[in-house]
Amino acid sequence: MGRWEPDSRGRLERAALELYSERGFENTTVAEIAERAGLTERTFFRHYADKREVLFAGGESFQDLVVAAIADAPASLPAIDAVGLGLAAAAALLQERRAFARRRHMIIAANAELRERELIKLASLSAAIAETLHRRGLSDPAASLTAEVAIAVFRVAYDRWIEASDAEDFRQIIRGSLDELKAQMGAQPVAAG
């Protein structure tokens, strides 16, 4: 009966996060996730290719969101500020899923395979940002350097946000991190907005 209830994907995600937190990622099976969600393994595989994908699903959409915000930034905006808009778009999306992000972060931090997968995802995001900056007219190595800096800013800000109180907004932490970087580089702070 449970398989006809709405929000199968959400139920599978919640069940997986609960089990990964309780037993560890390595000690959790797809069958257990499906059972906890009140669904079948077949339903699980309709939504996710494997149990890792519960943690990494939506990565392509996330990357597309960041890249679109950078591409849509005014041409007159310096590359680092255009990247800031992309990171702010990502932060807005993640802000809505803070509880998921915290649990996901803890699960990934506890597993070397998942940490490696996260690094691959960030490397792919960096390459996409660099390509977008190229299309905006920035040459190499500036485009690649700016993209790598963007990933570093995102990672530092993300770690701060995960540890911060629920009242703190990820977009503000991103802006603050970019302002700190720019201050160290002798640049002007990012304008609010």
Hits in region 148-192 - residues which are within 25 Å of His134 (Cα to Cα), outside any helix (DSSP H, G or I) and either out of contact with any Gly (no Cβ under 6 Å at 6 or more places or on another chain) or modelled with pLDDT of 90 or more (or both): Gly186, Ala187, Gln188, Pro189, Ala191
Criterion: surrounded by 18 or more Cβ atoms within 10 Å (Cβ to Cβ), of a type in the set (A, V, I, L, M) and either on the phi > 0 side of the Ramachandran plot or not in a helix (DSSP H, G or I) (or both) - qualifying residue of Leu17, Leu39: Leu39
Total residues in region 23-76, condition more than 25 Å from Asn111 (Cβ to Cβ), not β-branched (Val, Ile, Thr) and not assigned by TED's automatic domain parsing to the domain that holds Gly10: 10
Residue among Leu122, Leu87 that alone is out of contact with any Leu (no Cβ under 9 Å at 6 or more places or on another chain), within 20 Å of Ala68 (Cα to Cα) and at pLDDT 95 or above: Leu122
Test: residue in region 153-174 that is surrounded by fewer than 17 Cβ atoms within 10 Å (Cβ to Cβ), closer than 20 Å to Ser61 by Cα and not hydroxyl-bearing (Ser, Thr, Tyr): yes
When residues of region 42-52 are limited to those that are surrounded by fewer than 16 Cβ atoms within 10 Å (Cβ to Cβ) and in a helix (DSSP H, G or I), the one farthest from the chain's Cα centre (by Cα): Arg42
Only listed residue being surrounded by fewer than 18 Cβ atoms within 10 Å (Cβ to Cβ) and either of a type outside the set (Gly, Ala, Ser) or without any contact (Cβ under 8 Å) to a residue 40 or more places away in the chain (or both), chosen from Leu119, Leu178, Leu138, Leu114: Leu119
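The values are calculated or read from the model by the stated rules, or taken from the named source; none is laboratory data. Just so it is clear, the model here is predicted, and its values are computed rather than measured. Cβ coordinates were reconstructed from backbone atoms using ideal geometry, including for glycine residues, and neighbour counts include every protein chain displayed.
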